[in-house]
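The values are calculated or read from the model by the stated rules, or taken from the named source; none is laboratory data. The shown structure was predicted, so the numbers you read here are calculated from the model rather than taken from an experiment. Note that each Cβ is placed from the backbone with ideal geometry, even for glycine, and that neighbours are counted across all protein chains shown. Note: areas computed on protein heavy atoms with side chains; ligands, DNA, RNA excluded. Shrake-Rupley method; radii C 1.70, N 1.55, O 1.52, S 1.80 Å.
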Amino acid sequence: MSRTIRRVIVPAPDRIEIEDVQAPVPAAGEALISLRTAGVCGSDLHAVAGHHPWVPLPYAPGHEVVGVVEAAPEDAQLRPGDRVIVEPTLPCWECKPCRRGDQNLCERLRFFGCGYEQGGMADLFTVPANRLHRIDERLSDAEGLMIEPLATPVHAVRLAASGLTGEAARNHGGDLRGKRVVVLGAGTIGLLVLIAARHLGADGVVVTDLSASKRERALRLGAAAALDAGRDDIAAAVRGELGESADIVFDCVAATPTLGLAVELAQRGGTVVIVGVPSEGTALPLPIVQDRQVRVQGAATYLPADYQEAAGIIAGGGVPEDEFISGTFPLAQAAEAFAAARERETVKVLITG
């Protein structure tokens, strides 16, 4: 007998609804998962506003997800009752990037909870069993959920540190010791970039943000300085804290003003890493990029090694739950959860099943 479940759907910009649908039935190789908790990501906020370049509306949100296995294929290393986290990238495994080990750049990449037919903000959902990972029993649901968002900064920092991709990146942990590092934006991703950069040896990281509370949080998480991004002399102030130009600037906002600042801060031959999701119409000062030989590096999601690294950082206590979780809402209050996530002082909002 079929079962009706609730799921969150975004049918149009700034409309978040709960709809009743038939429970999904697992296809071959898929597991059936019940929701424990899902995170509202900055990418979700872009998508809900209709500004995400790769997530068309309508869409079913929820790619940062912790759940419980209800049913799994016989050949999967999973059993009913296992608590798992979803690795939402769904590569084809056959195209050129996949074959060289860059499955995050898959030519036919699908992304669970981002333009995919299902998302994790639902009572039940199905997902390929090979994209599920058991969570260490010592971790809370919130800590387990943070593995996915941390994996993206880990990947970005490893790219910046090694300058490598694919097989080479997997075999090169990267090292930021002695590098002058700046993080633009102290939202969830910016703070996690700070943690990942310090994990790879960066010392004296300077963070910028408009929010005083987020700057204070960045200091508690190990930033050497946290400056008001709105000040007129921000470039000079950052250089003053660094003592020189930056070797690596992580732009976790990815708007025209921050891209310009990032390029201005990077020393000749320095690196700017785009971690935030830009809206269409952003501009980059190419004359400076060319003249100063600035390397502009995109960073797209993560590889399995980044996921494993993120899990290790969290298991070691590197991401304090009380610094990141700003609020928790039941699934029925998804609209309220998204509204809370848009508040400037908010870091991470959770939705529970």
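The stretch 206-353 has equivalent-ellipsoid semi-axes of 30, 18, 17 Å, by the square roots of 5 times the alpha carbon gyration tensor eigenvalues, sorted largest first. At q = 0.10, 0.11, 0.13, 0.14 Å⁻¹ the log10 of I(q)/I(0) for the chain amounts to -0.59, -0.71, -1.00, -1.16, computed by Debye summation with a single uniform scatterer per C-alpha, solvent ignored. Between the amide H of Gly201 and those of Leu176, distances stay under 5 Å, these residues lying 5 or more places away or on another chain, with hydrogens modeled in the peptide plane. The distance from the alpha carbon centre of the stretch 312-327 to that of the stretch 98-123 is 25 Å, rounded to a whole number. The stretch 56-139 gives an Rg/Rh value of 1.00, both radii derived from C-alpha positions and Rh following Kirkwood. Net charge near Val319: determine it from the other residues with C-beta under 11 Å of the C-beta of Val319, scoring Lys and Arg +1 and Asp and Glu -1. Within the 11 Å Cβ shell, the charges total -3. Helical content of the chain, expressed as a calculated mean residue ellipticity at 222 nm, amounts to -8000 deg cm²/dmol (DSSP H runs of 4 or more residues, -39,500 (n - 2.57) each, divided by residue number, nearest 500). Summarised as an ellipsoid, the stretch 109-155 has semi-axes of 20, 15, 11 Å, derived from the eigenvalues of the Cα gyration tensor scaled by 5 and square-rooted, with the largest first. Surface exposure of the chain, expressed per residue as accessible area with a 1.4 Å probe, stands at 43 Å².
Applying Stokes-Einstein at 20 °C and 1.002 mPa s to the Kirkwood radius of the stretch 294-353, computed over alpha-carbon pairs, gives a translational diffusion coefficient of 153 µm² s⁻¹. Taken as entire DSSP H runs, the helices of the chain that both span 20 Å or more between Cα atoms along their own long axis and average -0.5 or more on the Kyte-Doolittle scale are 147-162. Surface calculation, 1.4 Å probe, protein heavy atoms: Lys96 sits at approximately 120 Å² accessible.
Heavy-atom surface analysis with a 1.4 Å probe gives the stretch 147-303 a carbon and sulfur content of 47 percent of its accessible area. Kirkwood radius and radius of gyration were both taken over the C-alpha atoms of the stretch 30-71, and their ratio Rg/Rh is 1.08. Here the average projected area of the convex hull drawn through the C-alpha atoms of the stretch 1-59 stands at 5.2 nm².
Short-range pairs are left out: with C-alpha atoms under 8 Å and at least six residues apart, the relative contact order of the stretch 36-121 is 32 percent.
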